[in-house]
Amino acid sequence: MDIPAIELIHLTRDFSIGLRNYKLRALQQVDLIIPSGQIFGLLGPNGSGKSTTIKIILGLIPPSDGQCQVFGKPAGSRESRARIGYLPENPVFYRFLSGRELVRFFASISGMSGDTLNTATESALDTVGMTEHADRRVRTYSKGMLQRIGLAQALVHDPDIIVLDEPMSGLDPVGTSEFISILHDLCARGKTILLASHLLARVEEVCDNIAILNKGQLVQSGTVESIVEDNDISNLWVRGLTSPKEIALRQFLKDADLELLECKTGRRSLDDVFLDALHENKKVPPS
Amino acid sequence: MNLRRIVLMGRMTFAEGVRARFFGVLLLISLSILLTSNFFQQFDFGTSELKFVLDFGFGAVQLFGIILCVVITSQIFFNEIDQRTAISILSRDIARWEFLAGKLIGVAALLLVFCLVTGTLLSLVLSLKEAIILKESGESVSLVEINEVYLFVILQWLKFSIIIALTLCVASLSQSSLYTMAVSFLAILACELQYLANDIYLDAESSFGRALGWVLKTVVPNLSIYNLGNQLGLNDNTAFGSAGFLFNICLHFIFYTSTFFALAVFFFRNREI
């Protein structure tokens, strides 16, 4: 059996607050397995324990009880940290550096040097599509470019696991779409991606598995399909349903003792309309 | 231990510090004060005129250096925490003490630049003033010891390094930049007044007072031993102490910088970032 990328075993974390050492439980007995080679979504409202879980996985804080293992090694060990890349929420890196210098800095911090460093830097910039803008100062980047250069620094040491904290917050639909495309490419290359996000529609679109945390407890986990499907209800997508045919269909369902819950005209998502409009606009040459 | 990573962190800290607006403004103010020091004195002439410029310059280096140490260290430390750069760095294969060592080295290098720039300008101003005085008096005896001006700024740099380590120690414990600055300035004041603890120790009549004085004089570093401005700079045959005295100062610097840095590492070890 494959070793899971990340395994949380009865993970508990308490924080001491105030002079009286009042205990605040941020995580309580969380058991979770994140298989390798998947995009895994970690969901939950503010204060649910997502950030604490990520910090424990990164080895930035130790668990109060239980274990966190990264490819079978304890989180925080040198071996586990070398296999993880991290993109924080709303990153503000050294703004006086160029994108290339920033990625090179993180490659150097990760222990790379010489040709390996140069190759890894260019490869990471290429993966996120930032080669063209790599010599500009970070302070001149747009939000989308900042996220992509942030992803490049997370990728530069070729980690097996990439942890992304709210990577799509603040991105426009084009930026989000491009970011998702990069995530799919990375997943196809065998990387495990752990994604914490509030954008549920995006998570549903991009993730293979999800886990939902609430008040420090794991309330649900599994494949996206298994969590969102409702076996009692079926959807029929019908083209050319004119009024007389609809009446006939309703009668047929009634005769078959089936309840029709809703019948409405098909809709496209606003994101799809927006992206198509931009795509069409690109095709029209400027007058 | 990976020296390369420490140097990398130090370089990045130095680059950030040099670009900090506060550093630029304070360096400019210091240089302006040094340049205009001659205009502040009204009545003194001859050697005392030089003494005034020297004291004024030394005072500016000390005062602005201490402010820079505390503010820049605190700003850079909390910028990295607040902007989450520290998380990106520390999630990699880098030890927390290496991260802190980089900060210490980077800010110390920045203060070295400050000391050398202000020291050089002060030397130039003094040389110019000396030339004018010698021309007026017709004498040829050198009045200024430029080497001692540099010795003074290097001694200040040693003191600044202790203060940087002290500020890092406070920052590792605290949650805000403002609190770090306030506590650090109070601690520096206590260190400058450490000789009072020695007085308490010598003068106390009760054993409790004596014990308290001993604890205070042992724990609190005496930063006033670096303030040798009255004995340096002018060729007036004032002895500033032997080579052994300078050696003891170096030992003092190494001991307290290491101690405060070790405490900073201890407090930062399990800090939530």
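Over what distance in Å are the Cα centres of the range B:8-28 and the range A:190-265 separated?
55 Å
Which percent of Cα pairs goes in each bin when the distances of chain A are cut into 10 angstrom slices starting at zero?
Pair shares across the bins are 6, 23, 28, 21, 13, 7, 3, 0.
How much accessible area per residue does the range B:3-269 have, counting only protein heavy atoms and a probe of 1.4 Å, in square angstrom?
Heavy-atom SASA per residue in the range B:3-269 reads 46 Å².
Calculate, in nm to one decimal, what B:Tyr179 and B:Val219 gain on full extension: separation in residues at 0.36 nm each, minus their alpha carbon distance.
Result for the pair: 12.2 nm of gain on full extension.
When the gyration tensor of the protein assembly as shown is built from Cα positions, what are the square roots of 5 times its three eigenvalues, in whole Å, from largest to smallest?
62, 29, 20
Hey, could you pull the Cα Rg and Dmax for the range B:125-273, both in Å?
20.2, 68
Which residue, B:Val265, B:Phe114, B:Phe78, has the largest displacement toward the positive end of the dipole of the protein assembly as shown when charges sit on each Cβ (Lys, Arg +1; Asp, Glu -1)?
My answer, from the dipole projection, is B:Phe114.
Per 10 Å bin from zero, what fraction in whole % of the C-alpha pairs of the range A:89-141 is there, up to the bin with the longest pair?
26, 55, 18, 0
Rolling a 1.4 angstrom probe over the protein chains, ignoring ligands and nucleic acids, what is the accessible area of A:Arg202 in square angstrom, nearest 10?
30 Å²
Only four residue types carry charge here, +1 at the Cβ of Lys and Arg and -1 at the Cβ of Asp and Glu. Report the dipole size of the range B:3-269 about the Cα centre in Debye, rounded to the nearest 20.
Here the size comes out at about 1260 debye.
Shielding by partners for A:99-105, please: the mean number of other protein chain Cβ atoms within 10 Å of each residue's Cβ.
Taking the mean over all residues of the peptide, I get 1.
Nearest 500 deg cm²/dmol is fine: what mean residue ellipticity at 222 nm does chain A get from its DSSP H runs of n ≥ 4 alone, each adding -39,500 (n - 2.57), divided by its residue count?
The per-residue figure over chain A is -11000 deg cm²/dmol.
Per residue of B:86-99, count partner chain C-beta atoms within 10 Å of its C-beta, then hand back the mean as an integer.
For peptide B:86-99, the averaged partner shielding equals 6.
Summing +1 for each Lys or Arg and -1 for each Asp or Glu, what net charge is found among the other residues whose Cβ lies under 11 Å from the Cβ of A:Ala211?
Neighbour charge sum, excluding A:Ala211 itself: 0.
Can you give the mean number of other chain Cβ atoms that lie within 10 Å of the Cβ atoms in peptide B:217-228?
The per-residue average across the peptide is 0.
Within the set of other residues whose C-beta is less than 12 Å from the C-beta of B:Asp199, count the net charge using Lys and Arg as +1 and Asp and Glu as -1.
+1
With runs of 4+ DSSP H residues as the only contributors, calculate the mean residue ellipticity of chain B at 222 nm using -39,500 (n - 2.57) per run, divided by the residue total and rounded to the nearest 500.
-27000 deg cm²/dmol
Apply 1/(1 + (r/R0)^6) to the Cβ-Cβ distance of A:Gln29 and A:Leu200, taking R0 = 25 Å, and write down the FRET efficiency to the nearest 0.05.
Between A:Gln29 and A:Leu200 the formula returns 0.50.
Using alpha-carbon pairs under 8 Å, 6+ residues apart, how would you state the relative contact order of chain A in percent?
The value is 22 percent.
Could you give the C-alpha radius of gyration of chain B expressed as a fraction of 2.2 N^0.38 Å, taking N as the number of residues it contains?
Normalised Rg, Cα atoms only: 1.12.
Once Lys and Arg get +1 and Asp and Glu get -1 on their Cβ, which of A:Tyr22, A:Leu171, A:Ile54 lies farthest toward the positive end of the dipole of chain A?
So the residue we want is A:Tyr22.
Taking square-rooted eigenvalues a ≥ b ≥ c of the alpha carbon gyration tensor, is the range A:1-113 rounded, prolate or oblate, where a/c under 1.5 means rounded and, failing that, a/b exceeding b/c means prolate?
Note, shape of the range A:1-113 comes out oblate.
Quick check on the range A:138-287: what does the Kirkwood estimate of hydrodynamic radius come out to from the alpha carbon pairs, in Å?
19.5 Å
At the nearest 100 Å², what buried accessible area, both sides summed, do you get for A and B when the probe is 1.4 Å?
2600 Å²
Only Cα pairs under 8 Å and at least 6 apart count here; give the relative contact order of chain B as a rounded whole percent.
24 percent
What residues in the range A:58-86 lose 50 Å² or more of accessible surface when the other protein chains are added to their chain alone (1.4 Å probe)?
A:Leu60, A:Arg78, A:Arg81, A:Tyr86
What number comes out for accessible area per residue over chain A if the probe is 1.4 Å? Units Å², please.
Using a 1.4 Å probe on heavy atoms only, each residue of chain A averages 56 Å².
If you roll a 1.4 Å probe over the range B:3-269 with all protein chains in place, what percent of the accessible area is carbon or sulfur?
Accessible surface attributable to carbon and sulfur in the range B:3-269 totals 68 percent.
Which far-off residues, 5 or more places away or on another chain, put their amide H under 5 Å from the one on A:Ile39, with H placed in the peptide plane?
Amide H neighbours of A:Ile39, under 5 Å, 5+ apart: A:Ile193, A:Asp208, A:Asn209.
Tabulate in residue order the Karplus-calculated ³J(HN,Hα) for the range A:70-77, using 6.51 cos²θ - 1.76 cosθ + 1.60 with θ = phi - 60°, rounded to whole Hz; enter x for Gly and Pro.
Rounded to whole hertz, the list is 10, 6, x, 9, x, 4, x, 6.
Please give, to one decimal in nm, the separation of the simple spin-label points placed at A:Asp255 and A:Thr12, each 7 Å out from Cα toward the Cβ.
Label at A:Asp255, label at A:Thr12, 6.3 nm between them.
Which residue, B:Ile89, B:Ile105, B:Ala15, has the largest displacement toward the positive end of the dipole of the range B:3-119 when charges sit on each Cβ (Lys, Arg +1; Asp, Glu -1)?
Looking along the dipole axis, the top candidate is B:Ile89.
Determine, from the Cβ-Cβ distance of A:Ile233 and B:Leu193 and an R0 of 60 Å, the FRET efficiency 1/(1 + (r/R0)^6), rounded to the nearest 0.05.
My answer for the efficiency is 0.15.
Go through the range B:160-174 residue by residue and turn each phi into a ³J(HN,Hα) via Karplus (6.51, -1.76, 1.60, θ = phi - 60°); whole Hz please, and just put x for glycine and proline.
In residue order, the calculated couplings are 4, 5, 4, 5, 4, 4, 4, 5, 4, 4, 5, 4, 5, 8, 9 Hz.
The values are calculated or read from the model by the stated rules, or taken from the named source; none is laboratory data. For clarity, every value in this text was computed on a predicted model and none was experimentally measured. When we count neighbours, we look across all protein chains shown, and the Cβ atoms used for this are built from the backbone with ideal geometry, even at glycine. Quick note on the areas: whole protein, heavy atoms, side chains included, nothing else; ligands and nucleic acids left out. Shrake-Rupley method; radii C 1.70, N 1.55, O 1.52, S 1.80 Å.
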